[in-house]
1. Where does the charge balance sit around residue B:124 when Lys and Arg score +1, Asp and Glu -1, over other residues with C-beta under 12 Å from its C-beta?
2. Would you mind counting up the charge near residue A:53? Only other residues with Cβ under 9 Å from its Cβ, with Lys and Arg at +1 and Asp and Glu at -1.
3. Contour minus end-to-end for residue A:363 and residue A:39, with contour as 0.36 nm per residue of separation and end-to-end as the Cα-Cα distance?
4. Within the range B:328-416, report the GluC sites (Glu not before Pro) that DSSP leaves as loop and that have at most 15 other Cβ atoms within 10 Å.
5. Under a GNM of chain A (C-alpha, springs under 10 Å), which listed residue has the highest mean-square fluctuation: A:82, A:45, A:230?
6. Per-residue Cβ counts within 10 Å, from other chains only, averaged over A:56-64: what number is that?
7. Would you mind checking which residues have amide H under 5 Å from residue A:296's amide H? H placed 1.01 Å from N; only 5 or more apart, or other chain.
8. At 7 Å along Cα-to-Cβ for each site, give me the label-to-label distance between residue B:344 and residue B:56 in nm.
2 protein chains.
Amino acid sequence: MAHDKSPVAGNGLFDRRFFLKAGVAGSATLMSAAASPAERPAWMRAPGAPMSPSGEPSEHEAHVQRRPIGSHPGTTGTGAARTPLELLDGVITPSRLHFERHHSGIPAIDPDEHRLVIHGLVDRPLSFSLEALSRYQHVSRIQFLECTGNSGASIAPEPVQASCGAIHGLVSASEWGGVPLSVLLQEAGIKASGKWIIAAGADAAAMSRSVPVEKALDDAIVALYQNGERLRPSNGYPMRLFLPGWEGNMSVKWLRTLKVVDQPAMTKDETSKYSDLQADGVARLFTFPIGVKSVITSPSPGLTMGEAGIYQVSGIAWSGAGRIRRVEVSADGGKSWADAALDEHIMSKCLTRFRSAWRWDGSPAVILSRATDEAGNVQPTRDAVLEGRANGAFYHYNGIQAWRVGADGEISNVYA
Amino acid sequence: MAHDKSPVAGNGLFDRRFFLKAGVAGSATLMSAAASPAERPAWMRAPGAPMSPSGEPSEHEAHVQRRPIGSHPGTTGTGAARTPLELLDGVITPSRLHFERHHSGIPAIDPDEHRLVIHGLVDRPLSFSLEALSRYQHVSRIQFLECTGNSGASIAPEPVQASCGAIHGLVSASEWGGVPLSVLLQEAGIKASGKWIIAAGADAAAMSRSVPVEKALDDAIVALYQNGERLRPSNGYPMRLFLPGWEGNMSVKWLRTLKVVDQPAMTKDETSKYSDLQADGVARLFTFPIGVKSVITSPSPGLTMGEAGIYQVSGIAWSGAGRIRRVEVSADGGKSWADAALDEHIMSKCLTRFRSAWRWDGSPAVILSRATDEAGNVQPTRDAVLEGRANGAFYHYNGIQAWRVGADGEISNVYA
């Protein structure tokens, strides 16, 4: 079918308003007798299923699951399960599909027995039950959470052939609701010497991280709700710390103690892990905010292109520095770029969904995305991220991801 | 505990920034030996549960379910299940808890067999498979959906004693994603005589509604995704119409046909139902946009207050006319009002979460909320809504809801 719009970037990438003006994907078919509304399908000939207390996904979507990978041999509950990004759209992650990363499994906490204690360099050490926290005025925000080790496979010498979710699925977004930590700290009264807070979980690993007081008093919350309902156990039930825009490991799940101290604790979880060894032998510690990042989720490995023609190219972008301002997409390996359309709910420290229209001519092509945040940070290339790093240093990876679309419609991971 | 802030409205309602300034709910306890972090609970003494493909809710939250009520005797699948609003926070409704309302149950649709047909007064009748629709550029928005019959119990002569969700739980909010209907209609080509579109579902009732072409070309979408994943069967899998801000029944689930016509079809679903009989015997038809509305979800019937003291009063507000601009809360039966705080993600045609701080003195009190939208519409009283209506006319109810807090901490439904 004809359309009057020409591509704005190489290899068939259109203006972000292409569909609003030209409208045609060319994938519809003229109505045929077989599709006539007069022919009612089997499922219209008898009443359907009744109402239920819980609306579950279709049996045809049973493959849409988290991917547990990387469990450590000989342990239970140590590892991660990743969000299948390539099967999702929008920015909200269904809570059942939110990624999980545990250091000693999911504790079976009795919510009536659990207490959050604030102690250390405070005027009044306090203990909060879930009921006590429920009486404070809450706040909710829609924000991303990304594990520090996400996309770490991208440091491999040869591109790992795996799905988008398997490589980048340690990022998700939810509406997180709870009590501003500043309010609780104000009630306890931080002494002048209190500069850091050691947050520890009620898991068997007592996972612990040191948090600067400034962040705790800024936008940190003690989260009780995720996507409208109580947290699920794999995301910290009954309460977790949530530090918007900062590396996920610091948002300590099953939050049990907040100890105000005068210096960072140098816990095993911030020294043996989540630090960045440089080529000169020095480890960078405390890289807290998540760098600006994006990835194309469709098309991506495991999905298959049909015939040549118009396709949506869609993905997610995010930054710990605030809002996403711009996402560019390339279909010629980075030689030229076109601005993508952004869904209208662009929120601070949240995933932002981007979309472009692309006329695939059926020949091999390399597609990429590049995000810019409101602070002006531009997503770096893989080479720029790895510059100066020691071999094997995989934390804090936010390089540009390239996918190759083959002539057979199969998609693979490439370095470009 | 002391705080330096005085109430700004009668019976102990504080300024919306109370907690940011004064901080104290008075519900925390000084840390005791029993709560000492040195005493590790049982669940910290052994590794916890492993990773899983799906993160389910805690067993302690098993009561957080939809409430199937109102099924018609002798039928299967005719009725509704409501969202338990009083157990939720924030604005996103978990998809399993999104309300459902069916006229002949949930059809078991094979997504590969299903087609959407656009026909009638068009230049090119078209048929779309799910795969074909997936190639168009999508758009996602976070918006509410409210059944036309929601809150209908409020017309009863005496206040119905039921939970907030049982009375008002035919409203939910999700991120809805799919293809702008305008793009598909542009491709089919609406003839000059085409003014209305009959949307029909693939359920056994072939639920049908007439939609003005103007709305279809404005912000309507054919939705494929809800909260990031494919629609669930009880919300229209594999595709539904979604008309932002308009009465829910028009967002036809399991969307099968869109027939462009020159006048409304006067289907059974827009004449025998979803119309408003007036006291003068005339029925008002086609009341499409949802009126401005709010309800306090906590405290509300079924929840119980503890001792006298500071409490959060929280609820949701929404309007089919756009964004919520203001929500006021009263704790003295409507004699005086205080502005509530609004969570920062205030989106057009979406639920908005409001919160106030209230010092309950332990004596009986009547609490209410009143919403104003960006068009200046103010939520009406119950009397104003019922003025001029025939007995039994329960659709399109958006009156102010009052809850009575008893001296025993129990909450009940009252007319005030």
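1. -1
2. Once all neighbours under 9 Å are counted, the net charge is +3.
3. The span from residue A:363 to residue A:39 would gain 112.7 nm if fully extended.
4. B:344, B:374, B:387
5. It is A:45.
6. Taking the mean over all residues of the peptide, I get 6.
7. It is A:369, by chain and number.
8. So the label points at residue B:344 and residue B:56 sit 3.6 nm apart.
Rule-based calculations on the coordinates, nothing more; no lab input. Quick caveat: nothing in here was measured; it's all calculated off a predicted structure. Backbone-built Cβ (ideal geometry, glycine too); neighbour counts: all protein chains shown.
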